[in-house]
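Structure record follows, encoded as structure tokens.
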Amino acid sequence: MSLLKKLDTANYNVIVISPRNYFLFTPLLPSCTTGNIEHRSIMEPVRQILRHKRAAVKFYEAEATKIDYERKVIKISDNSDIKGTINETEVPYDFLVIGVGAENATFGIPGVREHSCFLKEIKDAQAIRTKIMDCVETAAFKDQDSAEIDRLLHMVVVGGGPTGVEFAGELRDFFDEDIKKLIPEISPRFKVTLIEALPTVLPMFSKQLIDYTESTFKEEHIEIKTKTMVKKVTDKTVEAQVTNPDGSKSTITIPYGLLVWATGNAVRPLIKDLMSQIPAQKDSRRGLAVNEYLVVQGARDIWAVGDCAVAGYAPTAQVAAQEGNFLARLFNNMAKTEQLESRITELSSNLNLKPGNVTEITAEIESLEKQLRRIKDVKPFNYSHQGSLAYIGSEKAVADIAWLNGNVASGGKLTYLFWRSAYLSMCFSSKSNRPCVV
């Protein structure tokens, strides 16, 4: 989307292929799971964005199932519930930008895919919301077993990154602000546990903010289990291996009502298939290896951005947005280069045919050549880290913001206001009640 926003579509015949017809602002997705934010507020129809472009852009709601880079075609499939007589076809391309992201990584752990809830799409947030309420209402059922109530009201989050931390905080808020009022008799038994394999949560933040987050979670009665690696998941329990302070390992079993898996990315099948076609990608494991201009190594006329690309940066939305902006400038410069070169060629061919205008033509050629040199001097992509933000519950947030030549670390209620305003300002539309076709 950042590429499309900045790209001058008048210079290209642009085609967008996506299995969903809306842009989703994923940083606020955890807030949708508890209804704190209406899901339509973080969605913007793709066609709404495209209708403001200088030239028409074609959009196909379809899944790209295969990229044939030798023939320069993409096979697409209509994966919607309603299909026409044609539901598979091919789309040829001259230039291809791939930004399909990544899928959830289960690390081969038994039971994760079958019994966990993921948090990448709107349907995931809606499923989590439904399951939370199912757990609550089942726990409140007449004559419910006491041990079963404790299990149903135990919400487990795996993954101590921003998504897992924010969801745990939103979950605690939901129970403190809503469930306590609606079903006060069971609310004291509600429990949230955050599991992280690393020694700390939010490893990308400063130690000061990590400590602040952990102390805040302790006040909110959110239990953090670090150095804990999940080994198996059943429909009611999580089996994990804990590394103790003395270095010894022990196995624990954690009963749960809801399990949210918010850790790790895996390469999508489409990308795996493309990598298998390109010999230069044989040693890449986490996605398409790209050069300093985001060109897929070993392929021609293909660029990759976001989580599906390996460019040496963290898989974050901030990186993807900057990569999209960079490619927009690159493509705009490519179009200008072609126009200027064509004009220079035209002027040069007329140079000796119109002797009376030699001075004017020569001056224009020199001016165009200067412009051409400036445009061609495109610097490689360089990511500029603007900082990290995370909501930690109780209307508190933590922020590690790049400032001048260093970082500014802050946490608390004022930081929460900054977090909320910063994220809301990034959403495409300020109209939270705008209807969106999904």
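The values are calculated or read from the model by the stated rules, or taken from the named source; none is laboratory data. This one's a predicted model, so the numbers in the text were calculated from it and none came from an experiment. Using ideal geometry, Cβ is built from the backbone for each residue, glycine included, and neighbour counts are taken over all protein chains shown. Remember, those area values only see protein heavy atoms, side chains included, never the ligands or the DNA or RNA. Shrake-Rupley method; radii C 1.70, N 1.55, O 1.52, S 1.80 Å.
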Enter the mean projected area of the convex hull around the alpha-carbon atoms of region 1-45, in nm², rounded to one decimal. 3.9
Loop-resident sites, region 23-98, for GluC sites (Glu not before Pro), counting at most 14 other Cβ within 10 Å (DSSP): E38, E70
Could you work out the per residue convex hull volume over the alpha carbons of region 247-328, in cubic angstrom? 172
Candidates I149, I392, I183; GNM for the chain (alpha-carbon contacts under 10 Å) flags as most fluctuating I183
Accessible-area ranking of D78, D283, largest first, probe 1.4 Å: D283, D78
Taking the solvent-accessible surface of protein heavy atoms with a 1.4 Å probe, what is the per residue accessible area of region 33-120 in Å²? 57
Suppose every Lys and Arg Cβ carries +1 and every Asp and Glu Cβ carries -1, with no other charges. What dipole size does region 19-99 come out with about its Cα centre, to the nearest 20 debye? 340
Calculate the length of the line joining the C-alpha centroid of region 150-210 to that of region 1-64, in whole Å. 31
Could you give the angle, 0 to 90 degrees to the nearest 10, between helix 207-219's Cα long axis and the longest principal axis of the Cα atoms of the chain? 40
Under a point spin-label approximation (7 Å from Cα along Cα-to-Cβ), what is the E114-V73 distance to one decimal in nm? 4.0
What share of the DSSP beta bridges in the chain is antiparallel, in percent to the nearest 5? 65
Mean projection of the alpha-carbon convex hull of region 117-190 over all orientations, in nm²? 5.0
In Å and from the alpha-carbon atoms only, list the Rg and Dmax of region 65-158. 21.1, 66
For region 155-284, the Cα convex hull volume per residue in Å³ comes to 165
Within region 52-111, how many lysine pairs that are 8 or more places apart, or on different chains, have C-alpha atoms less than 23 Å apart? 7
Given the C-alpha atoms of the chain, compute the convex hull and give its volume per residue in Å³. 196
